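The values are calculated or read from the model by the stated rules, or taken from the named source; none is laboratory data. Note that the structure is predicted; figures quoted are calculated from it, not measured. Cβ coordinates were reconstructed from backbone atoms using ideal geometry, including for glycine residues, and neighbour counts include every protein chain displayed. Protein only, heavy atoms only, side chains kept; ligands, DNA and RNA dropped before computing areas. Shrake-Rupley method; radii C 1.70, N 1.55, O 1.52, S 1.80 Å.
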Amino acid sequence: MRLNFYLEGAGLVVCSILWVACSNRYNVLDLKDRLYVYMVRIVTVLLAVNLLSCFIVRNNIFTFMWLAELIVCLSFWTMVWIWFYLNNYLIEVLYNRNIIPVHTYIIIGMPSFLNLLLLMANWANHEIFDVSRVEGTMQIVFNSWYKLPYVLVILSLLIYLAILVKNHSRLSEKKQYVFCVIPFIMLISYYMQYRFKSVASLGFGYTVILLLLYLYSYNYTARMDSLTRLPNGDSFKKMIDYRIGTNQAMTVALITLNDFKQVNYEYDCHNGRELIKAVAKYLEEVSPKKGIVRYGEDTFGVILDKASEQEITNWCEPVLERFEHTWKAGTLAHKIMVCITVVQYPDMADSSAEILELLDYLHTFVTKDRKSQCIICNDDCKGKMQRCICISSILKDIIEEGKMYVKYQPILDVAENTYNRGEALFCLTDEVLGDISPNEFFPIAEENGYVTEMGYVLIDKVCQYIQSFVKEGIYAPIISVNFSRQQLMADDVEIRILDILRKYDLSPENIAIELPEEVFCVQYDLTRRRMEQMAAHGFRFYLDEFGAGILDLSRLMELPFEIIKINKNMIKEADNNDTIYLLVSTMVTVFAENGKMILGNGIESEHCKELADRLFMNYLQGNYFNEPLTEEEARAEFVRTETVEKAPDTEQMIASAMEENEI
């Protein structure tokens, strides 16, 4: 029987291209990728030696007849072996565990092991095949056990189909439909090989499958950054997952160019891209081969082998030193600040998610210093990060469940001597973490994008509280809530608040929105128009902590603020400085003439209260009168009808002021 190896030759060409393509993909990222590369390389070698076997047999080179028999034996072994790799590859696609459990290895590998025993027996009895001299020519003769390897192939195929059926929903979620086609291609190849023994077609069938997997699952551009030709951020996680799955200790670092956005702004995007390419080239030179990725627009990731803190420092120091010098790229020459954050596995983290969370936390921490530096994660950093994650989780639950603990600080109306207004204060507490300061949880809420939704939950809680007064026929206090710029400028802020008010049969006049001066740092006109639009529908506005120096009097007069809350530090300075006192008293007069009321904030002592009285402030707020109270405690203050015990003596206040004017 003369063999026809034309299909094997075509398969060798395709597999050689795949081999080169896999090598140029820069990497083997995880166990799934390694399995694929192993299949490509072994099938390529198999096709090459098959062609060699064909040459030996067709040219009757009897000296190498033993080699031809060995190659045919290898082909029979590959018939079942390919399914061992395909089954493991399928499992990795479905679960991405980066490790093959022992029991899975045994079940999937059993047909291959039995096939190996058959082929070893064939060397002794030649019951499967034999390469021998027949009538002066070299022939491959198939014998009685010839069908047994095909039986083992069917067994491996059944295992493959069982995996498909068991995980059909997961396969559908991942849209990996190509695996449903593989059995049909392999069956066709096996049938052709079984039916037409002289045509070597199995290798070509393997090649078709590998080509389909490559085209379907390995999009080069999807995993590589087009600018630097480095793996992208998605690949970074896969590289970390592979190391974790194979229990390899490692050091993971993020290198962030702090002022890259400024470079783009000053030197244009073309020069920015050239700078990134220059930095990428340098980092490739100083980093382990195939251990660097472009993680983000201005961030690179590096995976090093396990290293001591001193070894990490020794690696970081030259990098930091390089960034102290000018970078020249395109037409720019610029120094860049860089931050390097480092996390070690398994010392500081147990998973890729935890590694990346720690790196992001450290990056947020170091960028506040505005200088080039390297920080290595330790137990203290990990503890703080875990606390941040816990707080973030608590905030997320508050938004999803709509449950928020709110305290109220009553505000004294000086003229009426009653508490007819109040401020709502969101309090965060946890059984494990205890009381959490707004200075701690608010930045976390901002970073995670929770601030706007938290504001709506707070307003809902406040409206529910105000409605309880209305239902009882009691005068309902006006409650103010603090808003940030992010909340005020949300596209649907007015609609969302009006919906909440309608839910409790309230009007915009029942609540007030407190805005800090920082809201007006940028896009003043846009912010003013948003305020005017909401004020036209009845919303009240307070200016919180006036005195930061952002708003001048002329602009303040044109904004629709009902109450101006004077910064407590300004009140204290007025007590010690006659010029400041005169300035504050003049502002109070100007505000009053323009229909704006003044609130003295942060009144914490008798002396501070007396000073606020002399400045003729309309409202007073602070711990001297009441600390933040629970709903019931605040209700008791709001419904009081008698004169407030600590209200100022109006006649005495006027006499004192007249005396000061005479002086």
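At-a-glance table
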| read-out | value |
| --- | --- |
| Helices (runs of 4 or more DSSP H) wholly inside the range 56-171 containing at least 1 residues that are without any contact (Cβ under 8 Å) to a residue 40 or more places away in the chain, in contact with a Ser or Thr (Cβ under 8 Å, 6 or more places away or on another chain) and surrounded by fewer than 16 Cβ atoms within 10 Å (Cβ to Cβ) | 65-95 |
| Among the residues listed as TYR408, TYR361, the single one being in contact with a strand residue (DSSP E or B) (Cβ under 9 Å, 6 or more places away or on another chain), surrounded by 15 or more Cβ atoms within 10 Å (Cβ to Cβ), among the hydroxyl-bearing types (Ser, Thr, Tyr) and at pLDDT 85 or above | TYR408 |
| Residue that is nearest to ILE500 (Cα to Cα) [pool: residues in the range 427-439 that are open to solvent by 30 Å² or more (accessible area, probe 1.4 Å) and in contact with a helix residue (DSSP H, G or I) (Cβ under 7 Å, 6 or more places away or on another chain)] | ASP430 |
| Residue match in the range 601-611 (condition: over 30 Å from ALA535 (Cα atoms), aliphatic (A, V, I, L, M) and either open to solvent by 60 Å² or more (accessible area, probe 1.4 Å) or modelled with pLDDT under 85 (or both)) | yes |
| Residue, nearest to MET348 (Cα to Cα), within the range 234-274, restricted to residues that are surrounded by fewer than 19 Cβ atoms within 10 Å (Cβ to Cβ) and hydrophobic (A, V, I, L, M, F, W, C) | ALA249 |
| Subset tally (residues that are open to solvent by less than 40 Å² (accessible area, probe 1.4 Å), within 16 Å of GLN487 (Cβ to Cβ) and not in a helix (DSSP H, G or I)) for the range 507-541 | 8 |
| Count of the range 447-469 residues which are surrounded by fewer than 14 Cβ atoms within 10 Å (Cβ to Cβ) and of a type in the set (D, E, K, R) | 0 |
| Spans of strands (runs of 3 or more DSSP E) in the range 406-463 with at least 3 residues in contact with a Phe, Trp or Tyr (Cβ under 7 Å, 6 or more places away or on another chain) | 406-413, 418-426 |
| Verdict on ALA655 being part of a helix (DSSP H, G or I), modelled with pLDDT under 85 and hydrophobic (A, V, I, L, M, F, W, C) | yes |
| Of residues in the range 470-503 being buried (at least 17 other Cβ atoms within 10 Å of the Cβ) and hydroxyl-bearing (Ser, Thr, Tyr), the one farthest from PHE426 (Cα to Cα) | SER484 |
| Qualifying residues in the range 542-566 (those that are out of contact with any helix residue (DSSP H, G or I) (no Cβ under 9 Å at 6 or more places or on another chain) and either under 17 Å from CYS608 (Cα atoms) or modelled with pLDDT under 85 (or both)) - the one surrounded by the most Cβ atoms within 10 Å (Cβ to Cβ) | LYS565 |
| Any hit, the range 185-206, residues being of a type in the set (A, V, I, L, M, F, W, C), modelled with pLDDT under 85 and within 22 Å of the chain's Cα centre (by Cα) | no |
| Leading residue by the ranking (nearest to the chain's Cα centre (by Cα)) among those in the range 614-629 that are closer than 24 Å to THR579 by Cα and open to solvent by 20 Å² or more (accessible area, probe 1.4 Å) | ASN618 |
| Those residues of the range 86-106 which are more than 33 Å from the chain's Cα centre (by Cα) and modelled with pLDDT of 85 or more, in sequence order | ILE106 |
